[in-house]
Amino acid sequence: MLLAYLLVLSPLLDLKDSWARELEQKALLLQKYKLLQRNASAVAHSYQDLQKALAQMEGQLLTGANPAVASADLQEILKNLTRTLGVQVTSTKVLPPQESGAYLEVPIEVQLTCSLEQLVRMLYRLEHHEKLLMVTELEVNAPRRLRTPPQEPNLRAHLVVEGLVKKSSGS
């Protein structure tokens, strides 16, 4: 009887125990997979939302397949703004583009002569433009006050305005 227990029954009981442990491990693994599956749909939904938001934000980038075309677009925007506000542009200079992740920053240096009110309106319109524009440098020089009848002095403003363009795949 002892021999039958040792040869037959004991290995069967050990096999049953190992199967029970393996079954518990498989059940835990199945729970993990089910949790991942539930999270996968949430992650896929979040990914789609992010793609939509990215597409909407990229609509605010400057047009053009390269920095030269994008800087021309930015110059046109600045020209229209200054003409609308009656601001005198004394010089413009296209600066070299700077890499910024998957995008290029396209800067333009502008020298203006304008009143304080015109400058404030210009900065406001740049900030709230449909394209994503940033004023990265601003320096304002005002003439000394003279003892003549008060009039609005003309300011000399130096600013660098940047827009973004998506890097081409070849860059």
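The values are calculated or read from the model by the stated rules, or taken from the named source; none is laboratory data. Model, not experiment: these values are computed from the prediction. Cβ sites come from the backbone with ideal geometry, for glycine too, and all protein chains shown count toward neighbours.
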Worksheet item: Restricted to region 97-111, and to residues that are surrounded by fewer than 17 Cβ atoms within 10 Å (Cβ to Cβ) and at pLDDT 95 or above, which residue is farthest from the chain's Cα centre (by Cα)?
Response: Gln111
Discussion item. Exactly one condition in (1) over 32 Å from the mean Cα position of the chain (by Cα); (2) under 20 Å from Lys166 (Cα atoms) is false for Leu30; which is it?
Written reply: (2)
Item to complete: Only residues in region 124-149 that are more than 19 Å from Leu104 (Cα to Cα) count as the first member; pair them with residues that are of a type outside the set (A, V, I, L, M) and modelled with pLDDT of 90 or more, Cβ under 6 angstrom, at least 6 apart or cross-chain, and list the lot.
Response: Glu139/His158; Asn141/Arg156
Item to complete: Would you be able to say whether some residue in region 93-102 is of a type in the set (Ser, Thr, Tyr), assigned by TED's automatic domain parsing to the domain that holds Ser115 and more than 30 Å from Glu117 (Cβ to Cβ)?
Response: yes
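Would you check if there is a residue in region 40-57 being in contact (Cβ under 8 Å) with a residue 60 or more places away in the chain and surrounded by 10 or more Cβ atoms within 10 Å (Cβ to Cβ)? Can you show your working first?
Kept after step one, since they are in contact (Cβ under 8 Å) with a residue 60 or more places away in the chain, are these residues of region 40-57: 57.
Add one more test, that the residue is surrounded by 10 or more Cβ atoms within 10 Å (Cβ to Cβ), and what stays is 57.
Among the residues of region 40-57, at least one is in contact (Cβ under 8 Å) with a residue 60 or more places away in the chain and surrounded by 10 or more Cβ atoms within 10 Å (Cβ to Cβ), which makes the answer yes.
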Worksheet item: Quick check: is even one residue across region 117-140 modelled with pLDDT under 90 and assigned by TED's automatic domain parsing to the domain that holds Thr90?
Response: no
